[in-house]
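To start, the structure itself, in structure tokens.
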Amino acid sequence: MSPFDSASEIAAGVRSGDLKAVDVLEQHLARIDARETEIHAFNLVIADAARQQAAAVDAIVAAGGDPGPLAGVPVALKDNMCTRGVPTTCSSKILADWKPPYDGTVVSLLQRAGAVAIGKTNLDEFAMGSSTENSAFGPTRNPLDTDLVPGGSSGGSAAAVAAGFAPLSFGSDTGGSIRQPAALCGVVGVKPTYGRVSRYGLVAFASSLDQIGPFTHTVADAALALQVVCGHDPHDSTSIAEPLPDYSALLERGVEGLRVGRITDLPAGADPDVAERIEQAFDALAAAGATIVDVEVPAFTYGLTAYYIIAPAEASSNLARYDGVRYGLRVDAPDTHAMYSATRAAGFGDEVKRRILLGTYALSAGYYDAYYGKALRIRRLMADDFAKAYAQADVLLTPSSPSVAFPFGSKTADPFAMYLCDTYTIPANLTGEPGMSVPFGTGQNDLPVGVQVLAPALGEPVMLQVAAELERAATDLTAGGAS
Ligand code: GLN
């Protein structure tokens, strides 16, 4: 169990008047003071604005009002979520000085729910990476062992929760960027169904895959956070207009009678310590009354290849807007074309350039059908395969990450080795279905292992239900002294 207070506990305390939001905030700011130099979870801490916001929350309570379901909960936001007047850099030199003129929908919803934004968290530049080593402002360190990466690309958000800097943070997940760092930092991370959370005000990486979601200490906190940020938004044309279920309703129900799918043709690659924990997770769910069923998802294996065509293709188009004209960095040069080149050469890091090159190539005349068109066909097959699997199973279980947290520099020389981190998370982005990582015991060097729970579109309630059971079983693992 986490040594830190959960968001649910804080909100309940602040709403009832037992806790003051300003005190909760100071406690978290003190933890940031103590460890942030070492961790570098944040690109920016907005202590003064947070103090004002916390005081406003307390004033509402003092006046007999209710500030909302996240009253006084400090929240850290990935630095690709637009915050009005507050720098939103995407950890890129090209946006280093950019201050958006508006708040993203999630940012507004959090504020309206009484949460207190405390800062903007570090990420791999434009969310491209799996270790946060691609940040233009230096890497984030894993709070559990500072020689190791926190995962990525939302490494700052995962580390902020793991270090006790905030009980709740938000990231974006295009190919695993919430679930993988959650696994490596030992926290809960959720990628909701595509369209369930508005992308308005999320700086676009790959628009058909991007989705915002929470990091928390507990499954109950994740449910609470989803209740606040999910919902239809007319500002996002891909937003889903379905009513919201009660995300907390099934958490205590257990898994009796549920069918949990084991993907028999899952791509190999998980380390033995991780694989062993996943087996234990199946056993724990079976012991709690679930039926384990074997399913096949043949296209799963091709997910990585399809993703590394589709995501760069969309990125190459989305990132065309950073041209030194409209906003962000400009490097002056004698003519416009030279200015574009100089700005983009100076403003983007190596991984971003690699993606732009890959994407432009994949979309170019003569290669479009061979690469992009083929990747789209795999995406279609993937959706069909998952639909068949979900006819037999309510949820599927896989590792979130093939390994526990790894040392700095161990994968930076070989981009493909880094891309393999996303093997198990990418399919849910391609299908748009929800997925989450829940901590389940430890592997090598006592580092946390995350189990990924996958569910069909809008299946967040059953996904959270299963995750809650795994959370209970994980407590037993620790209590039982299992290694
Ligand atoms: N690691 C993957 C990538 O680099 C996923 C990133 C993400 O989900 N934002 O593309």
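The values are calculated or read from the model by the stated rules, or taken from the named source; none is laboratory data. Bear in mind the structure is a predicted one, so any value in this text is a computation, not a measurement. Don't worry about glycine lacking a Cβ; one is built from the backbone with ideal geometry, like all the others, and counts go over all protein chains shown. In case anyone asks, the SASA skips ligands and DNA or RNA and just uses the protein heavy atoms, side chains included. Shrake-Rupley method; radii C 1.70, N 1.55, O 1.52, S 1.80 Å.
Taking the criterion of being small (Gly, Ala, Ser) and touching a strand residue (DSSP E or B) at 6+ places or on another chain (Cβ under 6 Å), the residues of region 222-232 that qualify are 222, 225.
Residue pairs whose Cβ atoms lie under 7 Å apart, separated by 6 or more positions or on different chains, with the first residue in region 211-234 and without any contact (Cβ under 8 Å) to a residue 60 or more places away in the chain and the second assigned to a helix (DSSP H, G or I) and open to solvent by less than 20 Å² (accessible area, probe 1.4 Å), are 214/222; 214/225; 214/226.
Here residue 277 clears all of (1) farther than 21 Å from residue 386 by Cβ; (2) within 16 Å of the ligand (Cβ to nearest atom) except the condition numbered (2). When region 353-368 is filtered for residues that are open to solvent by 60 Å² or more (accessible area, probe 1.4 Å) and of a type in the set (Val, Ile, Thr), only 360 remains.
Scanning region 227-238 for residues that are outside any strand (DSSP E or B) and either among the polar types (S, T, N, Q) or surrounded by 14 or more Cβ atoms within 10 Å (Cβ to Cβ) (or both) gives 227, 228, 229, 231, 232, 233, 236, 237, 238. Residues of region 374-417 that are touching an Asp or Glu at 6+ places or on another chain (Cβ under 9 Å) and either free of Cβ contacts under 8 Å to residues at least 40 places away in the same chain or closer than 19 Å to residue 275 by Cα (or both): 399, 401, 402, 403, 404, 405.
Within region 174-189, the set of residues being over 17 Å from residue 211 (Cβ atoms) and either near the ligand (Cβ under 9 Å from one of its atoms) or not in a helix (DSSP H, G or I) (or both) comprises 186, 187.
For region 315-326, the set of residues classified as within 16 Å of the ligand (Cβ to nearest atom) and surrounded by fewer than 22 Cβ atoms within 10 Å (Cβ to Cβ) consists of 316, 317, 318, listed by residue number. With respect to the numbered conditions (1) near the ligand (Cβ under 10 Å from one of its atoms); (2) part of a helix (DSSP H, G or I); (3) of a type outside the set (Val, Ile, Thr), which one is the sole condition not fulfilled by residue 157? Residue 157 satisfies every listed condition except (1). Of all the criteria given as (1) away from the ligand (no atom under 15 Å from the Cβ); (2) open to solvent by 20 Å² or more (accessible area, probe 1.4 Å), the one not satisfied by residue 382 is (2). Scanning region 202-221 for residues that are touching a strand residue (DSSP E or B) at 6+ places or on another chain (Cβ under 6 Å) and assigned to a loop (DSSP other than H, G, I, E, B) turns up 210, 211.
Restricted to region 93-144, and to residues there that are buried (at least 24 other Cβ atoms within 10 Å of the Cβ) and among the acidic types (Asp, Glu), the residue that is nearest to residue 167 (Cα to Cα) is 124.
Would you please name the residue that is most open to solvent (accessible area, probe 1.4 Å), looking only at residues in region 333-352 that are out of contact with any Lys or Arg (no Cβ under 8 Å at 6 or more places or on another chain) and within 16 Å of the ligand (Cβ to nearest atom)? Checking each candidate, the answer is 350.
Every condition in (1) farther than 24 Å from residue 144 by Cα; (2) surrounded by 24 or more Cβ atoms within 10 Å (Cβ to Cβ); (3) more than 16 Å from the ligand (Cβ to nearest atom); (4) not hydroxyl-bearing (Ser, Thr, Tyr) is met by residue 428 except one, and the failing one is (3). When you check residue 423 against the structure, is it closer than 23 Å to residue 293 by Cβ, within 15 Å of the ligand (Cβ to nearest atom) and among the hydroxyl-bearing types (Ser, Thr, Tyr), yes or no? Yes. Within region 56-90, the set of residues being surrounded by fewer than 20 Cβ atoms within 10 Å (Cβ to Cβ) and out of contact with any Asp or Glu (no Cβ under 8 Å at 6 or more places or on another chain) comprises 56, 59, 62, 63, 64, 65, 66, 69, 85, 86.
Checking the conditions here, which among 241, 204 is aliphatic (A, V, I, L, M) and exposed (fewer than 14 other Cβ atoms within 10 Å of the Cβ)? Every option except 241 fails the conditions. Looking at (1) more than 24 Å from residue 475 (Cβ to Cβ); (2) assigned to a helix (DSSP H, G or I), can you tell me which one residue 331 breaks? Evaluating residue 331 over (1) more than 24 Å from residue 475 (Cβ to Cβ); (2) assigned to a helix (DSSP H, G or I) leaves (2) as the failure.
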